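Beneath this line is the structure, given in structure tokens, with notes to follow.
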Amino acid sequence: MNEIDLDAYWMPFTANRQFKKSPRLLARAEGMHFWTPEGREVLDGIAGLWCVNAGHGRPKIVEAIRRQAGELDFAPPFNMGHPKQFELAERLVQIAPAGMSKVFFTNSGSESVDTALKMALAYHRARGEGQRTRLIGRERGYHGVNFGGISVGGMVANRKMFGAMLAGVDHIRHTHDARNAFSLGQPAHGAEIADDLERLVALHDASTIAAVIVEPVAGSTGVLVPPQGYLERLRAICDRHGILLIFDEVITGFGRTGAPFAAQRFGVTPDLMTLAKGLTNGCVPMGAVFAKQSVHDAFMSGPEHLIEFFHGYTYSGHPLACAAALGTLDTYAEEGLLTRAAELEPYFAEAVHGFKGRPHVIDVRNIGLMAGIELQPREGEPGKRAFEVFLDCWDQGVLVRTTGDTIALTPPLIAGRQHVDRIVATLHEAIGRVA
């Protein structure tokens, strides 16, 4: 391999100095694997970055992108359209939770979150309740990296360098409960944590609150699975006070929990839902927001020639992204991937819960094909133990992800038992080697 100059690129969410001393480069990918420029095979244990749900290099997706680039490279999205935008929206509505019948396209999960927050604020204004301007997030929540997302998000490291955030934002408690350590699937304790929203209603008054946003499963903070009854309780409180409920399904969408969307897995339907990642199998940047018909219809008033919602992006519904998404949906449908995680979940769950009792392991959490193995932090060195496990796994040819001192596993939905076995065995060896 020719020498690559690493100096100019300022890498995202990366320890840049450490990386550039010992680079980890990927050159190609197919199926369940990456390959380095030197030709070393690396098993993908995290679906790229929670997004390559159908595995890498899928022919239908690749060909759809190639064909679209030669046919229509770009179409202006404002007051114009192209056929694939409408085809994709209809296809998405067919697999969405019942009642979520409108789709707005963005280019990322972060943009989807900001779009949903703006929709919520504008919705109340359109209905004559413009005083509802307060947004409620959740501690330990991750909703992307735009100012709206980090304001309602609750991960300290993502917020502390960037000032005061948006005004009028508050947070409910996170769902991490020590009583639930090593729970298999949904934990038994903690439905009452949802009642913390009532505390904020009493503090701020419901008439000032526009929306509550949560991840059905909090992913980037370490796979926090909702306690039994928690999401149902949150939905009921929002209904009682006229507050919109937003689910951030950027990570959990498109089969990760064993259903097309986590809302269906848990039987709770929000008013707005954010999507990205698995929408295009990670091939072309794209996001979306699902909206209930009633939310959409609140905007459809006034003269018909005027814009109803002053929001959008140059690349909303980009032709290449739409083509990639349609190819992705075809692949999911033909191979049953939107429910595949439910089939493999029992085997996966048993495998990851085998870490109980291992040195430094203080919790294991799982749902569908996602798991978090939490390690005891070293005193004065938070995150370092997990990072060393990550590096050890990389050296052994398996890619895992760390968030703090939690190892996250989210393999592509095409994974077989042999892949689960390899990932878990490698992780056991790595944990055994790290002091």
Practice prompt. Could you order peptides 138-146, 186-194 by the average number of other Cβ atoms within 10 Å of their residues, highest first?
Written response: 138-146, 186-194
Worksheet item: So how do 28-40, 300-312 stack up, highest first, on mean other-Cβ count within 10 Å?
Response: 28-40, 300-312
Practice prompt. Would you mind pulling out the separation of the Cα centroids of region 41-66 and region 346-420, in Å?
Written response: 21 Å
Worksheet item: Hey, what's region 44-92 come to in accessible area per residue, 1.4 Å probe, Å²?
Response: 52 Å²
Worksheet, complete the sentence: Taking a crude spin-label model, label points 7 Å out from Cα along the C-beta direction, the residue 188 to residue 335 distance in nm is 3.8 nm
Fill in: Signed unit charges on C-beta, dipole axis of the chain, positive-most listed residue 64, 391, 371
391
Worksheet item: Once phi is turned into θ = phi - 60°, what whole-Hz ³J(HN,Hα) does the Karplus curve with 6.51, -1.76 and 1.60 give for every residue of region 115-132, x standing for Gly and Pro?
Response: 5, 5, 5, 5, 4, 4, 5, 5, 4, 5, 5, 5, 8, x, 10, x, 6, 7
Response to the item:
Mean separation of Cα contacts under 8 Å (at least 6 apart) over the residue count of region 2-90, i.e. the relative contact order in percent, is 15 percent
Worksheet entry | DSSP-defined beta bridges in the chain - what % are antiparallel, rounded to 5 | 65 percent
Item to complete: Answer rounded, prolate or oblate for region 207-360, using the Cα gyration tensor with square roots of eigenvalues a ≥ b ≥ c: rounded when a/c is under 1.5, else prolate when a/b is larger than b/c, else oblate.
Response: oblate
Item to complete: Give me the accessible area per residue for region 197-310, probe 1.4 Å, as a whole number in Å².
Response: 32 Å²
Item to complete: Taking H placed 1.01 Å from N in the peptide plane, check which residues at least 5 places from residue 54 or on another chain put their amide H under 5 Å from its amide H.
Response: 413
Worksheet item: Lys/Arg Cβ at +1, Asp/Glu Cβ at -1, dipole of the chain taken about the Cα centre: which of 126, 362, 237 is farthest positive-ward?
Response: 362
Worksheet item: Residue by residue through region 348-359, which ³J(HN,Hα) values in whole Hz follow from phi under the Karplus form 6.51 cos²θ - 1.76 cosθ + 1.60 (θ = phi - 60°), with glycine and proline marked x?
Response: 4, 4, 4, 5, 6, 6, x, 7, 4, x, 6, x
Worksheet item: Based on Cβ point charges of +1 for Lys and Arg and -1 for Asp and Glu, what charge dipole magnitude is obtained for the chain about its Cα centre, in debye rounded to the nearest 20?
Response: 420 debye
Worksheet item: Out of every Cα-Cα pair in the chain, what percent are more than 34 Å apart?
Response: 31 percent
Worksheet item: Using θ = phi - 60° and the Karplus curve 6.51 cos²θ - 1.76 cosθ + 1.60, what whole-Hz ³J(HN,Hα) does each residue of region 420-433 get, with Gly and Pro shown as x?
Response: 4, 4, 5, 4, 5, 4, 4, 5, 4, 4, 5, 5, x, 8
Worksheet entry | region 332-435, dipole about Cα centre (Lys/Arg Cβ +1, Asp/Glu Cβ -1), debye to the nearest 20 | 160 debye
Worksheet, complete the sentence: Semi-axes (Å, rounded, descending) of the ellipsoid equivalent to region 353-435 per its C-alpha gyration tensor are 20, 13, 11
Worksheet item: So how much slack lies between residue 86 and residue 428, counting 0.36 nm per residue of separation and subtracting their Cα-Cα distance, in nm?
Response: 118.4 nm
Practice prompt. State the percentage of accessible surface on the chain attributable to carbon and sulfur atoms; use a 1.4 Å probe and exclude ligands, DNA and RNA.
Written response: 54 percent
Item to complete: Using a 10 Å cut-off on Cβ atoms, rank the peptides 107-115, 397-405, 343-351 from the highest mean neighbour count down.
Response: 107-115, 397-405, 343-351
Discussion item. Based on alpha-carbon centroids, what's the gap between region 195-271 and region 161-175 in Å, whole number please?
Written reply: 17 Å
Worksheet item: Remind me, relative contact order of region 277-435 in percent, using alpha carbon pairs under 8 angstrom and six or more residues apart?
Response: 18 percent
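The values are calculated or read from the model by the stated rules, or taken from the named source; none is laboratory data. As the structure is a prediction and not an experimental result, all values here were calculated from the model. All Cβ positions, glycine included, derive from the backbone under ideal geometry; neighbour counts span all protein chains shown. Heads up: the accessible areas ignore ligands, DNA and RNA and are worked out on the full protein's heavy atoms, side chains in. Shrake-Rupley method; radii C 1.70, N 1.55, O 1.52, S 1.80 Å.
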